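The values are calculated or read from the model by the stated rules, or taken from the named source; none is laboratory data. These numbers were taken from a predicted model, which means no experiment stands behind them. Here Cβ is always computed from backbone atoms with ideal geometry, including for glycine, and neighbour counts include all displayed protein chains. What goes into the accessible areas is simple: the full protein's heavy atoms, side chains included, and nothing from ligands, DNA or RNA. Shrake-Rupley method; radii C 1.70, N 1.55, O 1.52, S 1.80 Å.
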Amino acid sequence: CACALARGIRRMTRFACALALAGGVAALAAVFTLPAFAEWGTYRRELVLGGEVWRLATAMWVHLTWAHWAANSMAAAGLILLGTAAAVALRQLVLALLVCGLAVTAALLRVPEVAWYAGLSGALHGLALWLGITLATRAGPAVSVEGAGPSSEPFSESAAASAASQRLRLLGVALCAGVLVKLWFEQSWLSPVAHDPAWGFGVVRVAHGL
């Protein structure tokens, strides 16, 4: 009972930290969505090449509308909570998000068709694919048959852990497949930027692919 209680407390603590992280991501993005900060932080190719290199790090936090901000904040929260449920360390999730976000804006310098960029979508595509690969390639626990029997509790626990690990691997494969299928349908290599009437602005699809 004491061990189960300790595990429950640790699980609750992890999810509380995950919620705090998701809230922090949303709050930081909200600050940069304010007009004054948005103008200062948006990726603008000519200004970055002119020396305003901080925009490579701030562009991922800027959002063009509050609907844009809400959609990306919810997606970030979903991936953070999914990773936490799969026992992925929060520091790894944070590092993956930041590295992907910076990598996207740095790579956009090689795409002259993109004059400006803002939003978490590029970083979130990277985070989703990284999380999928992490889950799909995670080694599962070995199931010992020693002492196995109809009422063998250690065997049952080991088998349950193995089944849970298998489900997480399948989830990782599904997550990778979902991202890759989405990128295929977007075909950003044919049209780096596509105007989306639903959003009211041009979606930088190439950022998702990068």
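Residue count for the range 110-156 under the criterion of being at pLDDT 80 or above and of a type outside the set (Ser, Thr, Tyr): the result is 25.
The set of residues in the range 166-179 being surrounded by fewer than 16 Cβ atoms within 10 Å (Cβ to Cβ) and either over 9 Å from residue 135 (Cα atoms) or of a type in the set (Phe, Trp, Tyr) (or both) consists of 166, 167, 174, 177, 178. The residue list 58, 137, 42 contains one member that is surrounded by 15 or more Cβ atoms within 10 Å (Cβ to Cβ), hydroxyl-bearing (Ser, Thr, Tyr) and over 24 Å from residue 191 (Cα atoms), which is 58. Scanning the range 61-76 for residues that are buried (at least 22 other Cβ atoms within 10 Å of the Cβ) and in contact (Cβ under 8 Å) with a residue 60 or more places away in the chain returns no hits. So which of 71, 57 is more than 21 Å from residue 112 (Cα to Cα) and not aromatic (Phe, Trp, Tyr)? Going through 71, 57 in turn, the sole match is 71. When you check residue 30 against the structure, is it open to solvent by 30 Å² or more (accessible area, probe 1.4 Å) and out of contact with any strand residue (DSSP E or B) (no Cβ under 6 Å at 6 or more places or on another chain), yes or no? Here the answer is no, as residue 30 does not meet what is asked. For the range 157-210, taking the residues that are in a helix (DSSP H, G or I) and among the polar types (S, T, N, Q), the one that is modelled with the highest pLDDT is identified as 166. Of the residues making up the range 77-101, those that are more than 19 Å from residue 173 (Cα to Cα) and buried (at least 17 other Cβ atoms within 10 Å of the Cβ) are 77, 97, 100, 101. The condition of being more than 27 Å from residue 175 (Cβ to Cβ) and among the aromatic types (Phe, Trp, Tyr) holds for residue 54. Only residues in the range 192-210 that are charged (D, E, K, R) count as the first member; pair them with residues that are part of a loop (DSSP other than H, G, I, E, B), Cβ under 9 angstrom, at least 6 apart or cross-chain, and list the lot. Going by the 9 Å Cβ cut-off, the qualifying pairs are 205/187; 205/188; 205/191; 205/192.
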